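J.: Here you go, one structure.
The values are calculated or read from the model by the stated rules, or taken from the named source; none is laboratory data. Bear in mind the structure is a predicted one, so any value in this text is a computation, not a measurement. Every residue, glycine among them, receives a Cβ derived from its backbone with ideal geometry; neighbour counts consider all protein chains shown. Keep in mind that these areas ignore ligands, DNA and RNA; they rest on the heavy atoms of the full protein, side chains included. Shrake-Rupley method; radii C 1.70, N 1.55, O 1.52, S 1.80 Å.
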Amino acid sequence: MRSFIFMKKHLVILSGAGVSAESGINTFRDSGGLWEDHDIMEVASPEGFAQNPELVLDFYNQRRKQLLTVAPNAAHQLIAELEAHFNVTVITQNVDNLHEKAGSTRVIHLHGELLKVRSTANPDEIMDWQTDLTLGQKDQNGHQLRPHIVWFGEEVPELPFAADMVSKADFVIVIGTSLQVYPAAGLMHFADPSVPVFYIDPNPAQISGLTNPLQIIPEIASKGMKMVYEKLMNMA
(Lines give C-alpha, C1' and ligand atoms only; values in the text may rest on other atoms or scores of the structure.)
Protein backbone atom coordinates (compact mmCIF):
# COMPACT_ATOMS: atom_id res chain seq x y z
CA MET A 1 0.00 0.00 0.00
CA ARG A 2 1.28 3.46 -0.82
CA SER A 3 2.18 5.82 2.02
CA PHE A 4 3.59 9.30 2.45
CA ILE A 5 5.60 10.89 5.26
CA PHE A 6 4.45 14.45 5.91
CA MET A 7 7.03 16.96 7.22
CA LYS A 8 4.71 19.95 6.78
CA LYS A 9 1.04 20.11 7.67
CA HIS A 10 -1.01 17.94 5.33
CA LEU A 11 -3.62 19.69 3.21
CA VAL A 12 -6.09 17.56 1.26
CA ILE A 13 -8.06 19.13 -1.58
CA LEU A 14 -11.17 17.38 -2.87
CA SER A 15 -11.88 18.91 -6.27
CA GLY A 16 -14.75 18.55 -8.69
CA ALA A 17 -15.85 19.83 -12.06
CA GLY A 18 -16.29 23.40 -10.85
CA VAL A 19 -12.51 23.80 -10.59
CA SER A 20 -12.11 23.21 -14.33
CA ALA A 21 -15.24 25.08 -15.44
CA GLU A 22 -13.36 28.40 -15.58
CA SER A 23 -10.89 26.79 -17.99
CA GLY A 24 -13.75 26.09 -20.40
CA ILE A 25 -14.43 22.46 -19.55
CA ASN A 26 -18.11 21.80 -19.07
CA THR A 27 -19.26 20.33 -15.80
CA PHE A 28 -20.00 16.62 -15.81
CA ARG A 29 -23.74 16.87 -16.15
CA ASP A 30 -26.42 19.52 -16.18
CA SER A 31 -29.72 19.53 -14.36
CA GLY A 32 -31.27 17.36 -17.06
CA GLY A 33 -28.83 14.53 -16.47
CA LEU A 34 -27.05 15.11 -19.76
CA TRP A 35 -23.36 15.33 -20.57
CA GLU A 36 -22.64 17.24 -23.78
CA ASP A 37 -26.21 16.41 -24.96
CA HIS A 38 -25.75 12.69 -24.30
CA ASP A 39 -27.56 10.62 -21.71
CA ILE A 40 -25.00 9.83 -19.02
CA MET A 41 -25.54 6.08 -19.20
CA GLU A 42 -24.97 6.04 -22.96
CA VAL A 43 -21.42 7.34 -22.65
CA ALA A 44 -20.37 6.60 -19.07
CA SER A 45 -21.36 3.03 -18.31
CA PRO A 46 -20.11 -0.44 -19.28
CA GLU A 47 -23.56 -1.13 -20.73
CA GLY A 48 -23.35 1.95 -22.96
CA PHE A 49 -19.93 0.88 -24.21
CA ALA A 50 -21.15 -2.64 -24.93
CA GLN A 51 -24.17 -1.34 -26.83
CA ASN A 52 -22.45 1.33 -28.91
CA PRO A 53 -18.67 1.36 -28.49
CA GLU A 54 -18.08 3.69 -31.44
CA LEU A 55 -20.33 6.36 -29.92
CA VAL A 56 -18.52 6.10 -26.59
CA LEU A 57 -15.06 6.22 -28.15
CA ASP A 58 -16.01 9.24 -30.26
CA PHE A 59 -17.45 10.98 -27.22
CA TYR A 60 -14.17 10.71 -25.33
CA ASN A 61 -12.18 11.57 -28.46
CA GLN A 62 -14.01 14.89 -28.55
CA ARG A 63 -13.42 15.48 -24.82
CA ARG A 64 -9.74 14.66 -25.28
CA LYS A 65 -9.40 17.11 -28.16
CA GLN A 66 -11.04 19.84 -26.09
CA LEU A 67 -8.76 19.17 -23.14
CA LEU A 68 -5.69 19.70 -25.29
CA THR A 69 -6.87 23.25 -26.10
CA VAL A 70 -7.43 24.55 -22.56
CA ALA A 71 -5.15 25.71 -19.76
CA PRO A 72 -5.26 25.71 -15.95
CA ASN A 73 -7.03 28.63 -14.34
CA ALA A 74 -6.30 30.65 -11.21
CA ALA A 75 -7.84 28.03 -8.91
CA HIS A 76 -5.53 25.31 -10.26
CA GLN A 77 -2.55 27.65 -9.93
CA LEU A 78 -3.33 28.57 -6.32
CA ILE A 79 -3.75 24.92 -5.39
CA ALA A 80 -0.35 24.16 -6.91
CA GLU A 81 1.26 27.12 -5.11
CA LEU A 82 0.11 25.74 -1.76
CA GLU A 83 2.78 23.05 -2.10
CA ALA A 84 5.35 25.66 -1.04
CA HIS A 85 3.68 25.78 2.39
CA PHE A 86 1.94 22.42 2.87
CA ASN A 87 2.17 18.80 1.89
CA VAL A 88 -0.71 18.87 -0.56
CA THR A 89 -2.69 15.90 -1.80
CA VAL A 90 -5.24 16.66 -4.52
CA ILE A 91 -8.03 14.12 -4.78
CA THR A 92 -10.04 14.94 -7.86
CA GLN A 93 -13.18 13.68 -9.51
CA ASN A 94 -11.99 15.36 -12.71
CA VAL A 95 -10.53 13.35 -15.58
CA ASP A 96 -8.55 16.28 -16.99
CA ASN A 97 -4.86 16.95 -16.28
CA LEU A 98 -5.16 20.62 -15.35
CA HIS A 99 -4.02 20.16 -11.75
CA GLU A 100 -0.82 18.57 -13.05
CA LYS A 101 -0.34 21.22 -15.73
CA ALA A 102 -0.61 23.90 -13.05
CA GLY A 103 2.17 22.22 -11.08
CA SER A 104 0.47 19.97 -8.52
CA THR A 105 2.71 16.96 -7.94
CA ARG A 106 0.48 14.62 -5.92
CA VAL A 107 -2.87 14.09 -7.66
CA ILE A 108 -5.20 11.15 -7.13
CA HIS A 109 -7.72 10.74 -9.98
CA LEU A 110 -10.75 8.97 -8.57
CA HIS A 111 -12.57 8.68 -11.88
CA GLY A 112 -9.67 8.03 -14.23
CA GLU A 113 -7.80 10.17 -16.70
CA LEU A 114 -8.87 11.35 -20.13
CA LEU A 115 -5.33 11.26 -21.51
CA LYS A 116 -4.94 7.57 -20.76
CA VAL A 117 -6.51 4.40 -22.15
CA ARG A 118 -6.55 0.86 -20.86
CA SER A 119 -7.18 -2.68 -21.96
CA THR A 120 -10.75 -3.96 -21.74
CA ALA A 121 -9.35 -7.27 -20.46
CA ASN A 122 -6.71 -6.02 -18.02
CA PRO A 123 -7.55 -2.84 -16.07
CA ASP A 124 -3.92 -2.55 -14.95
CA GLU A 125 -2.66 -2.29 -18.53
CA ILE A 126 -2.80 1.51 -18.87
CA MET A 127 -1.05 3.74 -21.38
CA ASP A 128 -0.80 7.45 -22.13
CA TRP A 129 -2.96 8.56 -25.06
CA GLN A 130 -3.46 11.97 -26.66
CA THR A 131 -4.96 11.10 -30.05
CA ASP A 132 -8.25 9.52 -31.14
CA LEU A 133 -9.04 6.03 -29.94
CA THR A 134 -10.99 3.94 -32.44
CA LEU A 135 -12.65 0.56 -32.58
CA GLY A 136 -10.04 -2.01 -33.55
CA GLN A 137 -7.16 -0.46 -31.63
CA LYS A 138 -6.08 -3.21 -29.27
CA ASP A 139 -3.60 -4.08 -26.56
CA GLN A 140 -0.67 -6.42 -27.16
CA ASN A 141 -2.90 -9.43 -26.52
CA GLY A 142 -5.58 -8.42 -28.99
CA HIS A 143 -8.10 -6.88 -26.60
CA GLN A 144 -9.89 -3.64 -27.47
CA LEU A 145 -8.64 -0.50 -25.73
CA ARG A 146 -11.09 1.74 -23.88
CA PRO A 147 -10.92 5.13 -22.14
CA HIS A 148 -9.25 4.99 -18.74
CA ILE A 149 -12.41 6.33 -17.10
CA VAL A 150 -14.31 4.95 -14.13
CA TRP A 151 -17.84 4.56 -15.44
CA PHE A 152 -21.05 4.29 -13.46
CA GLY A 153 -21.35 0.85 -11.93
CA GLU A 154 -17.58 0.28 -11.84
CA GLU A 155 -15.36 0.14 -8.78
CA VAL A 156 -13.27 3.18 -7.83
CA PRO A 157 -9.81 1.64 -7.36
CA GLU A 158 -8.23 4.74 -5.82
CA LEU A 159 -10.93 5.19 -3.18
CA PRO A 160 -9.22 3.37 -0.26
CA PHE A 161 -5.99 5.29 -0.81
CA ALA A 162 -7.89 8.57 -1.08
CA ALA A 163 -9.77 7.86 2.15
CA ASP A 164 -6.48 7.12 3.89
CA MET A 165 -5.07 10.46 2.73
CA VAL A 166 -8.13 12.33 4.05
CA SER A 167 -7.78 10.58 7.41
CA LYS A 168 -4.24 12.01 7.67
CA ALA A 169 -5.23 15.58 6.76
CA ASP A 170 -4.65 18.65 8.93
CA PHE A 171 -6.91 20.72 6.67
CA VAL A 172 -9.45 19.80 3.98
CA ILE A 173 -10.67 21.94 1.09
CA VAL A 174 -13.72 20.79 -0.87
CA ILE A 175 -13.95 22.80 -4.08
CA GLY A 176 -16.14 22.86 -7.16
CA THR A 177 -18.33 19.86 -6.41
CA SER A 178 -22.06 19.44 -5.95
CA LEU A 179 -21.42 16.52 -3.55
CA GLN A 180 -23.87 14.39 -5.52
CA VAL A 181 -21.54 11.72 -6.90
CA TYR A 182 -20.77 8.92 -4.48
CA PRO A 183 -18.58 7.48 -3.13
CA ALA A 184 -16.38 10.53 -3.79
CA ALA A 185 -18.84 12.85 -2.05
CA GLY A 186 -18.38 10.99 1.21
CA LEU A 187 -14.61 11.32 1.41
CA MET A 188 -14.62 14.41 3.65
CA HIS A 189 -16.22 12.31 6.38
CA PHE A 190 -12.95 10.38 6.75
CA ALA A 191 -11.26 13.49 8.17
CA ASP A 192 -10.60 13.65 11.89
CA PRO A 193 -13.48 15.59 13.53
CA SER A 194 -11.06 18.31 14.68
CA VAL A 195 -9.85 19.08 11.14
CA PRO A 196 -11.12 22.34 9.59
CA VAL A 197 -13.02 21.91 6.32
CA PHE A 198 -13.40 24.69 3.75
CA TYR A 199 -16.17 24.21 1.17
CA ILE A 200 -15.96 26.38 -1.95
CA ASP A 201 -18.84 26.29 -4.44
CA PRO A 202 -21.13 28.99 -5.89
CA ASN A 203 -24.12 26.76 -5.07
CA PRO A 204 -23.00 24.80 -2.02
CA ALA A 205 -24.85 21.63 -1.21
CA GLN A 206 -26.20 20.75 2.19
CA ILE A 207 -23.69 18.73 4.21
CA SER A 208 -25.12 16.35 6.77
CA GLY A 209 -23.34 14.38 9.43
CA LEU A 210 -20.16 16.47 9.41
CA THR A 211 -19.02 17.59 12.86
CA ASN A 212 -15.80 19.28 11.71
CA PRO A 213 -15.30 23.05 11.89
CA LEU A 214 -16.80 24.05 8.53
CA GLN A 215 -16.44 27.26 6.54
CA ILE A 216 -18.65 27.58 3.44
CA ILE A 217 -17.45 29.98 0.76
CA PRO A 218 -20.24 30.45 -1.85
CA GLU A 219 -17.95 31.60 -4.67
CA ILE A 220 -16.61 30.32 -7.96
CA ALA A 221 -13.44 28.26 -7.66
CA SER A 222 -10.85 30.96 -8.45
CA LYS A 223 -12.33 33.59 -6.15
CA GLY A 224 -13.06 31.18 -3.32
CA MET A 225 -9.63 29.58 -3.60
CA LYS A 226 -7.97 32.97 -3.26
CA MET A 227 -9.93 33.62 -0.06
CA VAL A 228 -9.01 30.24 1.43
CA TYR A 229 -5.38 30.60 0.33
CA GLU A 230 -5.10 33.78 2.37
CA LYS A 231 -6.65 32.07 5.39
CA LEU A 232 -4.27 29.13 5.12
CA MET A 233 -1.21 31.36 5.02
CA ASN A 234 -1.93 32.14 8.66
CA MET A 235 -2.12 28.44 9.52
CA ALA A 236 0.87 26.93 7.69
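J.: Roll a 1.4 angstrom probe over the protein heavy atoms and tell me the percent of accessible area of segment 144-224 that is carbon or sulfur. The partial results should precede the final answer.
T.: Numbers: 1930 of 3610 Å².
Roughly 54 percent of what the probe reaches on segment 144-224 is carbon or sulfur.
J.: Here is a follow-up. With springs only between Cα atoms under 10 Å apart, run a GNM on the chain and tell me which of Glu22, Glu154, Glu219 wobbles the most.
T.: In the Gaussian network model the winner is Glu154.
J.: Another question, if that's okay. With runs of 4+ DSSP H residues as the only contributors, calculate the mean residue ellipticity of the chain at 222 nm using -39,500 (n - 2.57) per run, divided by the residue total and rounded to the nearest 500. Please list the in-between numbers first.
T.: Values: 8 runs with 64 residues, N = 236.
Mean residue ellipticity, 222 nm, calculated: -7500 deg cm²/dmol.
J.: Could you compute the FRET efficiency for Thr131 and Ser194, with r as their C-beta to C-beta distance and R0 at 41 Å, rounded to 0.05?
T.: Working: r = 48 Å, r/R0 = 1.17.
Calculated transfer efficiency: 0.30.
J.: Report, ordered by chain and residue number, the aspartates and glutamates lying within cross-link reach of Lys65, taken as a straight Cα distance under 16 Å and ignoring same-chain residues fewer than 8 apart.
T.: Output for Lys65: Glu36, Asp96, Glu113, Asp128, Asp132.
J.: Could you compute how fast segment 100-145 diffuses translationally, taking Rh as the Kirkwood radius over C-alpha pairs and applying Stokes-Einstein at 10 °C with viscosity 1.306 mPa s? Give it in µm² per second. If you can, show how the numbers build up before the last one.
T.: Values: Rh = 12.0 Å.
Approximately 132 µm²/s, per Stokes-Einstein.
J.: Computed from the mean reciprocal separation of all distinct C-alpha pairs, what Kirkwood hydrodynamic radius does the chain have, in Å? Working shown, then result.
T.: Working: mean 1/r = 0.0542 Å⁻¹.
About 18.4 Å for the chain.
J.: For the pair Arg106 and Tyr229, how long in nm is the line joining their label points, each one 7 Å along Cα→Cβ?
T.: Taking the simple label geometry, Arg106 and Tyr229 are separated by 2.0 nm.
J.: Considering Cα pairs under 8 angstrom that are at least six residues apart, work out the relative contact order of the chain and quote it in whole percent.
T.: On the way: 431 pairs, mean separation 54.1, N = 236.
About 23 percent, as a whole number.
J.: A follow-up question, please. Would you give the gap between the C-alpha center of segment 105-144 and the C-alpha center of segment 173-204, rounded to a whole Å?
T.: For segment 105-144 versus segment 173-204, the Cα centre distance is 29 Å.
J.: What number comes out for accessible area per residue over the chain if the probe is 1.4 Å? Units Å², please.
T.: Values: 11410 Å² over 236 residues.
The answer is 48 Å² per residue.
J.: Pop a pseudo-label 7 angstrom from the Cα along the beta-carbon direction at both Asn203 and Gln215 and give the gap in nm to one decimal.
T.: 2.5 nm
J.: Report, in listed order, any pair from Lys168/Lys231; Lys8/Lys226; Lys9/Lys116 with a Cα-Cα distance greater than 26 Å. Display every interim value, and only then the final one.
T.: On the way: Lys168/Lys231 20 Å; Lys8/Lys226 21 Å; Lys9/Lys116 32 Å.
Check vs 26 Å cut-off fails for Lys9/Lys116.
J.: So if R0 is 35 Å, what FRET efficiency would Lys8 and Glu154 give, r being the distance between their Cβ atoms, rounded to the nearest 0.05? List each step's numbers first, then the result.
T.: On the way: r = 35 Å, r/R0 = 0.99.
The value I calculate is 0.50.
J.: Could you sort the peptides 100-106, 206-212, 50-56 by per-residue average Cβ neighbour count (10 Å cutoff), highest mean leading?
T.: 100-106, 50-56, 206-212
J.: If you don't mind, there's one more thing I want to ask. Could you work out how far apart the two model spin labels at Asn26 and Ala163 are, taking each label as a point 7 Å from the Cα in the direction of the beta carbon, and quote it in nm?
T.: About 3.3 nm separates the two model spin labels.
J.: Also, quick follow-up: For segment 159-236, what number results from the quotient of the Cα radius of gyration and 2.2 N^0.38 Å?
T.: On the way: Rg = 12.1 Å, N = 78, 2.2 N^0.38 = 11.5 Å.
The value comes to 1.05.
J.: Cα extents of segment 32-156 along the three principal axes, largest first, in whole Å?
T.: Computed over segment 32-156, the largest-to-smallest principal extents equal 48, 38, 27 Å.
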